[in-house]
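In what follows, a structure is listed as structure tokens, so that the remarks can point back to it.
Every read-out reported here was derived from the displayed coordinates using simple, explicitly stated rules and does not represent laboratory data. Source: prediction; values computed, not measured. Note: ideal-geometry Cβ built from the backbone for every residue, glycine included; neighbour counts use all protein chains shown.
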Amino acid sequence: MTIRTRSVLAIYALTCPLILTLTGCAFSTKMVDDKGVVVDCKMVGVGPISGIAAETYRDNCVRKYKALGYKEVP
């Protein structure tokens, strides 16, 4: 293995975990009631575990507003 190949592998070994850690996601669902009041159930997560937490938060928000009579906006 050449020095250049080792250097490239070292760069990948250091940057790939960093990129995976910093990836993020956003979940958003707009809800509306009979009076036209709009709420936005949204949450942003950064990192692999936070994405799951953000989706769970959004799902709980949607469930709460559906119980209050809101409907999802397509």
Discussion item. Return the equivalent ellipsoid semi-axes of the range 23-74 as a descending list in whole Å, where each equals the square root of 5 times an eigenvalue of the C-alpha gyration tensor.
Written reply: 24, 10, 6
Worksheet item: What's the lysine pair count for the range 23-74 at a Cα cut-off below 14 Å, pairs eight or more apart or interchain?
Response: 6
Worksheet item: Size of the dipole of the range 23-74 about the Cα centre, Lys and Arg at +1 and Asp and Glu at -1 on the beta carbon, nothing else charged, in debye to 20?
Response: 80
